[in-house]
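Engineer: Provided herewith is a single structure, encoded as structure tokens, for subsequent inquiry.
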Amino acid sequence: MLSYIVRRLGATVVVMAVVAFVVFSLLYLTPGDPAAVIAGDVATSEDIARIRQSLGLDQPFLVRFGNWVWALLHGDMGTSIFNSLPVSKLIGQRVEPTLSLTICTLIVAILTSVPLGAIAAARAESKLDHAIMGFSVLGFSIPVFVLAYLLILLFSLQLHWLPVQGYRPISEGIWPWFLHLILPSLALGTVYAALIARITRASVLDVLSQDYIRTAQAKGLKESDIMIHHALKNAAVPIITIIGIGIGLLISGAVVTETVFAIPGIGRLTVDAILRRDYPIIQGVILIFSATYVMINLMIDLSYVFFDPRIRY
Amino acid sequence: MINKLRRSAILAVIPAAVALGLTSFSLPAQAQQQKTLRFIAQADLKILDPITTTAYITRNHGYMVYDTLFAMNSKFEIKPQMVDKFTVSPDKKTYTFTLRDGLMFHDGTPVRSADVIASVERWSKRDGLGQKLAESTDSWSATNDKTFVLKLKKPFAFVLDALGKPSSNVPFIMPERIAKTDAFTNITDPTGSGPFKMVKDEWVPGSKVIYVKNKEYMPRKEAPSWASGGKVVKVDRVEWLYIPDAATAANALGNGEADWWEQMPPDLIPVLAKNTSVKVENIDPLGSMGLIRFNFLNPPFNNEKMRRAVAMVVNQQDYVLGIAGSADNGKPCASYFTCGTPLSNNVGSSLLTGKRDFEAAKALIKESGYKGEKIVIISAADQPIVQSQSLLTTELLRKLGLNVELQAGDWGSLITRRTSKEPVDKGGWSIFHTWLVGPDLLNPGVNFALRGNGEKAWFGWPTDQKLETLRDAYFDAPNAAGAKKAAEAVQGRAFEFLPYIPTAQFILPTAYRTNLSGIIVAPMALLWNVEKK
């Protein structure tokens, strides 16, 4: 397994190098000029040209790419064209809100969806199954921002229980941190819960039709024991896969949720940077995303071993 | 039965306990906020340098951390701000300024003449009026740390207007070590001598900017009026929040999580107007002006008759409704100078106020020799003021039988594409829309969109020597009456040549909690004098 991990980590470097080149090339080709954004509405073409020159944006592609890679190899992701802050600092500021939202969303999603999916499978074609699957379809169909506004309307504006927006760092206290994450996690978690519940139901249903489940039932094992120790464990591979993909998606940007709840996460950082053509941030963030995706996929693959002893690397 | 009762009681108590817990935990935070003003800004502060950019959000940041030598008051008078006294020589070629006592930068160093000179010189490399001042300047020199002298080559009547310019670029005073930075390179150090200090370590771009009261700041004794007068800070801390979603911003204000929302879209006025804890007001006395800008380098709008044909059918009332949503927040303004200010006038304005005559316009188009060339209107779907004007103009041009195509992208794409001088089939453009705030259109000196200096002019690059000559005549005007006459002449020529078409004057209202008082009525958000109870 060790050699497998080493091979995969080696592949990560290659993937990131390809991503870096492709992203840099695409940004070079994409219309848009940060110098024009900096200069503002009241600027002349001459002003913009001077700013381009001062930012080094008038240099040839290969020179700019070479400079960026050289700095990257020295641990420098560059600085924002606009606010002149290091990209690493800007990303660092966003890591905590993003991870907090990701973790809370996953907790909400997993705690609700896996039991519901398993119950739906155990009671397949019953009213309960239909109700759960109906909820799943609803959760999947309601746009996140609609659900977010409904939650805000009820819990913030009517009941005054929870804040409308914002993020409080954990250093300001667990409770304010938690209060600010409840609504965003519920809004975002519902979509993932719906998705995971459907996958769980399908996967468990498949396992429940296997011979070893019938054997367990014939041996007189309790239904809950069969579900937890035999069905769910064997149905785990697709569920873990979909959860892993969800982690990647959440980290790379729950932009709508972050926007509606004004959470300064990585998703909004990326979109803002794209809108104003802040190339160093876009390049840095996408590089981090690609590394994150590769590492999550690796961890998912490795986790299969614990759920399915037939899998070997 | 008892068990059932007990269970019901527990079930009833749980939500109450949760609710109590939630509210009680939020109380200390609210208590802490008493001296913190939470202000939802109009945009995200991306750039700290008010000289390299003309972005209004950066200008507003400038007013927080910097001070100015002079400032304009609500009567459009230029009043001393950092300057204690000044004299003008009889030949009007020498200005001697003396700084007020006790002016200190945030780093504890005193404000010196050298800082002022370096700041003004940097500003005058970027700002249009500053450049005009620089053309007339022979030298700036420091007599001592508090006194400095401006020597002119020839009398220039707008020295104080330039130094007290209220909007972008504002000649803010910075420490010499910062002001020595190239005028095209962003400064990153927000040290100024203004009433607030920026806490840079707490700055989260895209989310919030933190300022604290500058306790060493010595306000003037006069009452505040626009950016002039006493800048007395009445809160300890300001949190500038950037909330990109308007509905969330409205909810945050309504729920007491924010105290003041600088600019709200008109469609949310009814939502907040119902909330008795919130006041919705128009505190911008000048508002902003929308405009249609042509590309003068390529057909068909390099032809004056084509521009005139469009102007003949523009109905400003439609643009008012398109931009501001209702007549309460806007009005037609057929002047190249902000309506309601001293130089606004009606010379030539009948082109916009007379009968909207499509037949006459079509005849003029025919006369112009228009051969069906494609007209590309570039727009920004993420900027409602731009997009609404673009949609209206597109419809107008279609009604005139012109071959028009609306190409909407985002603002970042628009401001890049408008730099292109190519024809439309090579990525160029024919028309774009934008808006400028009232202070940027007060007179021919600051209204950069009126320039007719060709390649050096604003995007669209109109060339009109007559307009330039009339603008120069404005600068040479000996007094206010002469300046007004010169401005009228500029406008008369502008309505003939049409460097752009003014579309509507509008105001984006502000909204604040009723526990705030002392908000200054001004064409920009100023946070001193605001008290939170």
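Engineer: Please work out if B:T185 is within 11 Å of chain A (Cβ to nearest Cβ) and surrounded by fewer than 22 Cβ atoms within 10 Å (Cβ to Cβ).
Structural biologist: Considered against the rule, which asks whether it is within 11 Å of chain A (Cβ to nearest Cβ) and surrounded by fewer than 22 Cβ atoms within 10 Å (Cβ to Cβ), B:T185 comes out as yes.
Engineer: I would also like to ask the following. From the list B:M104, B:M82, B:M64, which one is open to solvent by less than 10 Å² (accessible area, probe 1.4 Å), over 30 Å from B:K456 (Cα atoms) and touching a Ser or Thr at 6+ places or on another chain (Cβ under 7 Å)?
Structural biologist: One residue alone meets the criteria, B:M82.
Engineer: Where the second residue is open to solvent by less than 20 Å² (accessible area, probe 1.4 Å) and the first is among the hydroxyl-bearing types (S, T, Y) and lies in the stretch B:319-332, which pairs have Cβ atoms under 7 Å and are six or more apart or on separate chains?
Structural biologist: Listed by first residue and then by second, the contacts come to B:Y319/B:G290; B:Y319/B:Q389; B:Y319/B:T503; B:Y319/B:A504.
Engineer: Hey, A:L73 hits all of (1) of a type in the set (A, V, I, L, M, F, W, C); (2) out of contact with any Lys or Arg (no Cβ under 7 Å at 6 or more places or on another chain); (3) closer than 23 Å to B:T52 by Cβ but one; which does it fall short on?
Structural biologist: (3) is the only condition that A:L73 fails.
Engineer: Further question: Tell me which residues, restricted to the stretch B:345-379, are under 23 Å from B:L441 (Cα atoms) and of a type in the set (A, V, I, L, M, F, W, C).
Structural biologist: Hits for the stretch B:345-379 are B:V347, B:L351, B:L352.
Engineer: Sticking with this structure for a sec: For the stretch B:452-508, name all the residues that are touching a Lys or Arg at 6+ places or on another chain (Cβ under 7 Å) and aliphatic (A, V, I, L, M).
Structural biologist: B:A457, B:L467, B:L470, B:V490, B:L498
Engineer: What is the residue count in the stretch A:94-118 for residues that are surrounded by fewer than 19 Cβ atoms within 10 Å (Cβ to Cβ) and either under 26 Å from A:D225 (Cβ atoms) or within 14 Å of chain B (Cβ to nearest Cβ) (or both)?
Structural biologist: So the count comes out to 6.
Engineer: Can you tell me which of B:V159, B:V116, B:V120, B:V149 is in contact (Cβ under 8 Å) with a residue 24 or more places away in the chain and over 24 Å from the mean Cα position of the chain (by Cα)?
Structural biologist: From the options B:V159, B:V116, B:V120, B:V149, the qualifying one is B:V149.
Engineer: Out of (1) buried (at least 17 other Cβ atoms within 10 Å of the Cβ); (2) on the phi > 0 side of the Ramachandran plot, the odd one out for A:F82 is which?
Structural biologist: Among (1) buried (at least 17 other Cβ atoms within 10 Å of the Cβ); (2) on the phi > 0 side of the Ramachandran plot, the lone unmet condition for A:F82 is (2).
Engineer: OK, next. Considering every residue within the stretch B:368-376, establish whether at least one is of a type in the set (V, I, T) and part of a loop (DSSP other than H, G, I, E, B).
Structural biologist: no
Engineer: If only one of B:G445, B:G460 is touching a residue at least 60 places away in the same chain (Cβ under 8 Å) and at positive phi, which one is it?
Structural biologist: That would be B:G460, the only listed residue that is touching a residue at least 60 places away in the same chain (Cβ under 8 Å) and at positive phi.
Let's see how each residue does on (1) within 11 Å of chain B (Cβ to nearest Cβ); (2) modelled with pLDDT under 95; (3) within 19 Å of A:I110 (Cβ to Cβ); (4) in a helix (DSSP H, G or I):
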{"site": "A:V137", "(1), (2), (3), (4)": "no, yes, no, yes"}
{"site": "A:F140", "(1), (2), (3), (4)": "no, yes, yes, yes"}
{"site": "A:L157", "(1), (2), (3), (4)": "yes, yes, no, yes"}
{"site": "A:P163", "(1), (2), (3), (4)": "yes, no, no, no"}
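Engineer: Ok, one more. How many of the residues in the stretch B:239-256 are out of contact with any Lys or Arg (no Cβ under 8 Å at 6 or more places or on another chain) and touching a residue at least 12 places away in the same chain (Cβ under 8 Å)?
Structural biologist: Number satisfying all stated conditions: 7.
Engineer: Can you pull out every residue in the stretch B:167-182 that is farther than 19 Å from B:L45 by Cα, away from every other protein chain (no Cβ under 14 Å), of a type outside the set (G, A, S) and not in a loop (DSSP other than H, G, I, E, B)?
Structural biologist: B:I173, B:E176, B:R177
Engineer: Here is a check on your reading of the model: is A:D76 closer than 21 Å to A:G32 by Cα and of a type in the set (D, E, K, R)?
Structural biologist: Here the answer is no, as A:D76 does not meet what is asked.
Engineer: When only residues in the stretch A:28-56 that are closer than 10 Å to A:R277 by Cβ and surrounded by fewer than 17 Cβ atoms within 10 Å (Cβ to Cβ) count, which is nearest to the other protein chains (Cβ to nearest Cβ)?
Structural biologist: A:P31
Engineer: Look through A:V164, A:V144, A:V137 and report the one residue that is of a type in the set (A, V, I, L, M, F, W, C) and under 19 Å from the mean Cα position of the chain (by Cα).
Structural biologist: A:V144
Engineer: List every residue pair whose Cβ atoms lie under 7 Å apart, where the two residues are 6 or more positions apart in sequence or sit on different chains, the first residue falls within the stretch B:469-485 and is in contact (Cβ under 8 Å) with a residue 60 or more places away in the chain, and the second residue, located anywhere, is in a helix (DSSP H, G or I) and open to solvent by less than 70 Å² (accessible area, probe 1.4 Å).
Structural biologist: B:F475/B:K132; B:A477/B:A483; B:A477/B:A486; B:A483/B:Y474
Engineer: Condition first: crowded, with 16+ Cβ neighbours inside 10 Å and more than 21 Å from B:V437 (Cα to Cα). Now tell me which residues in the stretch B:325-350 satisfy that.
Structural biologist: Matches in the stretch B:325-350: B:V347, B:G348.
Engineer: What are the residues in the stretch B:412-440 that are in a helix (DSSP H, G or I) and more than 8 Å from chain A (Cβ to nearest Cβ), if any?
Structural biologist: Listed by number, the residues that qualify are B:L414, B:V424, B:D425, B:K426, B:G438, B:P439.
Engineer: Provide a single number: the residues in the stretch A:1-25 that are open to solvent by 40 Å² or more (accessible area, probe 1.4 Å) and either touching a residue at least 24 places away in the same chain (Cβ under 8 Å) or part of a loop (DSSP other than H, G, I, E, B) (or both).
Structural biologist: Number satisfying all stated conditions: 8.
Engineer: Turning to a different aspect of this structure: What do you reckon, is A:I288 open to solvent by 30 Å² or more (accessible area, probe 1.4 Å), touching a residue at least 40 places away in the same chain (Cβ under 8 Å), in a helix (DSSP H, G or I) and β-branched (V, I, T)?
Structural biologist: So A:I288 fits the description; yes.
Engineer: Something else: Only one residue in A:S45, A:S54, A:S88 is over 24 Å from B:F184 (Cα atoms) and either among the hydroxyl-bearing types (S, T, Y) or touching a Leu at 6+ places or on another chain (Cβ under 8 Å) (or both). Which one?
Structural biologist: Within the list A:S45, A:S54, A:S88, the selection yields A:S88.
Engineer: Does B:A142 meet the test of being modelled with pLDDT of 95 or more, closer than 30 Å to A:I48 by Cα, open to solvent by 10 Å² or more (accessible area, probe 1.4 Å) and away from chain A (no Cβ under 12 Å)?
Structural biologist: Considered against the rule, which asks whether it is modelled with pLDDT of 95 or more, closer than 30 Å to A:I48 by Cα, open to solvent by 10 Å² or more (accessible area, probe 1.4 Å) and away from chain A (no Cβ under 12 Å), B:A142 comes out as no.
Engineer: Are any of the residues in the stretch A:173-184 in a helix (DSSP H, G or I), β-branched (V, I, T) and either within 18 Å of B:L253 (Cβ to Cβ) or more than 13 Å from chain B (Cβ to nearest Cβ) (or both)?
Structural biologist: no
Engineer: Next question, about the same structure. Those residues that are over 25 Å from the mean Cα position of the chain (by Cα) and of a type outside the set (A, V, I, L, M, F, W, C), I need them from the stretch B:415-429; list them, please.
Structural biologist: Passing the criteria: B:K421, B:E422, B:P423, B:D425, B:K426, B:G427, B:G428.
Engineer: Can you name every one of the strands (runs of 3 or more DSSP E) wholly within the stretch B:190-296 that holds 3 or more residues which are of a type outside the set (S, T, Y) and away from chain A (no Cβ under 14 Å)?
Structural biologist: Answer list for the stretch B:190-296: B:278-281.
Engineer: Against the conditions (1) open to solvent by 60 Å² or more (accessible area, probe 1.4 Å); (2) assigned to a helix (DSSP H, G or I), where does B:G322 fall short? Just the number, please.
Structural biologist: (1)
Engineer: Within the stretch B:229-256, how many residues turn out to be charged (D, E, K, R) and crowded, with 23+ Cβ neighbours inside 10 Å?
Structural biologist: The qualifying residues number 1.
The values are calculated or read from the model by the stated rules, or taken from the named source; none is laboratory data. Remember, it's a predicted structure, so these values are computed and weren't measured experimentally. A quick note on method: Cβ atoms are made from the backbone with ideal geometry, for glycine too, and the neighbour counts reach across all protein chains shown. All accessible areas refer to the heavy atoms of the entire protein, side chains included, with ligands and DNA or RNA removed. Shrake-Rupley method; radii C 1.70, N 1.55, O 1.52, S 1.80 Å.
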